[in-house]
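J.: I'd like to ask some things about the structure below.
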Amino acid sequence: MADRFLAYPEILKAKGNSVNDDSQDFGQNVNKVYSTVEEMLASSYISPGARAIGAKIQSYKDDMDRMTRVINEYGNHLLLASNTVVRNEQNIMDSVNRNTTAL
């Protein structure tokens, strides 16, 4: 049984949509964090320690944006896999139907 491939397109589609939703939520939360940090750093009074922490947090913004994109790409990959499985199954059924009607 180890050489058997099983794919459930409905599960792949549901997970893909869920991952894409999570990606959106993650991206929104990242934006909230950076918006808050920017507001804090624009404040007229901020301690040097807080300014250093804010600058360190800002140094990770590109990484967080890339992480958001990667999560979204994975969700899209799951959706593509779901569609591919459905299309392959349909092609197999169409081929079988063509071959049985030719008999």
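Rule-based calculations on the coordinates, nothing more; no lab input. All figures in this text were calculated on a predicted structure; none of them were measured in a lab.
J.: Contour minus end-to-end for L6 and R66, with contour as 0.36 nm per residue of separation and end-to-end as the Cα-Cα distance?
T.: 18.5 nm
J.: Kindly point out which whole DSSP H helices in the chain project their C-alpha atoms 20 angstrom or further along the helix axis while averaging a Kyte-Doolittle hydropathy of -1.0 or above.
T.: 9-42, 61-101
J.: Hey, another quick one. Can you compute the helix-only [θ] at 222 nm over the chain? Use -39500 (n - 2.57) per DSSP H run of at least 4 residues, normalise by all residues, nearest 500 deg cm²/dmol. It would help to have the intermediate numbers written out before the result.
T.: Working: 3 runs with 86 residues, N = 103.
Result for the chain: -30000 deg cm²/dmol, rounded to the nearest 500.
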